[in-house]
1. Quick one: would you say Leu311 is part of a helix (DSSP H, G or I), of a type in the set (A, V, I, L, M, F, W, C) and modelled with pLDDT of 95 or more?
2. Could you pull out the residue among Ser105, Ser110 that is in contact with a Leu (Cβ under 8 Å, 6 or more places away or on another chain) and either assigned to a loop (DSSP other than H, G, I, E, B) or buried (at least 23 other Cβ atoms within 10 Å of the Cβ) (or both)?
3. Taking the condition of being part of a strand (DSSP E or B) and either of a type in the set (A, V, I, L, M, F, W, C) or in contact with a Pro (Cβ under 6 Å, 6 or more places away or on another chain) (or both), how many residues in region 115-169 meet it?
4. List pairs: first residue in region 93-113 and on the phi > 0 side of the Ramachandran plot, second residue away from the ligand (no atom under 13 Å from the Cβ) anywhere in the structure, Cβ distance under 9 angstrom, at least six positions apart or on different chains.
5. Go through region 182-211 and give me each residue that's under 14 Å from Arg238 (Cα atoms) and within 15 Å of the ligand (Cβ to nearest atom).
6. If you take the residues of region 119-148 that are closer than 24 Å to Gly36 by Cα and of a type in the set (Gly, Ala, Ser), which of them is farthest from the ligand (Cβ to nearest atom)?
7. Of everything in region 13-64, what is within 22 Å of Thr327 (Cα to Cα) and either in contact with an Asp or Glu (Cβ under 6 Å, 6 or more places away or on another chain) or among the charged types (D, E, K, R) (or both)? Give them in sequence order.
8. In this structure, is Ala204 more than 25 Å from Leu301 (Cα to Cα), surrounded by fewer than 20 Cβ atoms within 10 Å (Cβ to Cβ) and in contact with a Leu (Cβ under 8 Å, 6 or more places away or on another chain)?
Amino acid sequence: MSARPRLPEAQAPDDRAFFASLASPAIRALRAYDPGHDLVALREAFAPRVLIELGSNENPYGPSPKAREAAAAALGEMHRYPDPRGGALKRALAARHGVAPEQVSLGNGSHELLMHLAQVFAGPGVDVVLPQYGFAVFAIAARAAGANAVVVPALPADAAMPNGHDLDALLAAVTPDTRLLYLANPNNPTGTWYPAEAFERFIAAVPERTLVVVDEAYAECADAPDYASALSLLDRHRNLLVTRTFSKAYALAGLRVGCAIGHPELIALLERARESFNINGVALAAAEAALGDEAYLRDTLARNAEQRERLAAALRERGWPVSPSQTNFLLVEFGAATTAIEAALRADGVVLRPMGGYGLPGHLRISVGEEAENRGLLAALDRIADRAA
Ligand SMILES: *Cc1c(COP(=O)(O)O)cnc(C)c1O
């Protein structure tokens, strides 16, 4: 470990006030995205033993071998700038989703696109409507742009979709000052989704001057009969935009690739202020190859769905309520013991995601791992229960 230079104690508060006084008011009021635990530090502390990491909704099966090969080949070109337009990947995405390449913008993860949307369409004096228990990035994007984040209460905890999006309430919160409305379907951190017909009615009722952004980070995982992607509605609603990511089903979280799909003129505005080379060459090559390997995708999705149902059943058997999920994670209610259980699991080498930052301190979010990881989690939970008995 390298020595860390220490700030003189007395000087630190002054420095903070000084730099804060230089920053924009929006940034001054902002709290950074909380990525959960410091995994690097946890791994170091637990070594040589290996953690069971189920806190970040990563895909435990890893990407298609074709994506690995494409990434390795692209490494040979690392002295070159990547294609600033990401043309090949845009064409592949457009073909996959039945849209034109001009309807696709690429982001360094969909996180970047969600931030960028607010930079382009929001600002001081503008309202951005977003759901309680929605993805944390929505509020950060709105506030960083200086806009007013209007947080709309979620469905009740005892609804069929506990803590899920309340589309009627979101619609009711839209005013002439609302330029953006973010939601996620299925949603993180709740895992819930809304029925396709409900969204069709919703988007038809939203005023056209409010852009509706549907974050579909987990769309590939969703196969419920009443679930549908919003992509099929793009033709009918020019104020609709869908984001997707290669971080979850395609298992490329470390390479950072996401996309936004919408009206070509909306996409053109996003492209104006985009960093020219925001997707690196290795990521472009890997994402295109991953997209092309449909058989591999189907296989990992089937494994995820099977493990998700098994893990949910095992947790419910042990008495913990599990929210319905169409994703690769489960939101589980541990009640008053949540903090103690989370810490005990962590001491035992199992890392989950605490939900206090989302306003759900009695819940933990559990990524669905491979079979062995899920068994390890259940065994650790059982050891904790035995000790408490
Ligand atoms: C994981 C996740 C993303 C993906 O973020 P990337 O920046 O693409 O890795 C976006 N939205 C939601 C709701 C997520 O859970």
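The values are calculated or read from the model by the stated rules, or taken from the named source; none is laboratory data. No experiment lies behind these values; they were computed from the predicted model shown. Here the Cβ is made from the backbone with ideal geometry for all residues, glycine too, and neighbour counts use every protein chain on show.
1. yes
2. Ser105 is the lone residue from the list that is in contact with a Leu (Cβ under 8 Å, 6 or more places away or on another chain) and either assigned to a loop (DSSP other than H, G, I, E, B) or buried (at least 23 other Cβ atoms within 10 Å of the Cβ) (or both).
3. Initially, region 115-169 is screened for residues part of a strand (DSSP E or B), giving 127-131, 148-152.
Pick out the ones that are also either of a type in the set (A, V, I, L, M, F, W, C) or in contact with a Pro (Cβ under 6 Å, 6 or more places away or on another chain) (or both) and you get 128-130, 149-152.
Summing the residues that are part of a strand (DSSP E or B) and either of a type in the set (A, V, I, L, M, F, W, C) or in contact with a Pro (Cβ under 6 Å, 6 or more places away or on another chain) (or both) in region 115-169 gives 7.
4. Pairs found: Gly98/Leu231; Gly98/Ser232.
5. Passing the criteria: none in range.
6. If we take residues in region 119-148 being closer than 24 Å to Gly36 by Cα and of a type in the set (Gly, Ala, Ser), then Ala145 is farthest from the ligand (Cβ to nearest atom).
7. Correct list: Asp34, Ile52, Glu53, Glu58, Pro60, Ser64.
8. Criteria not met by Ala204.
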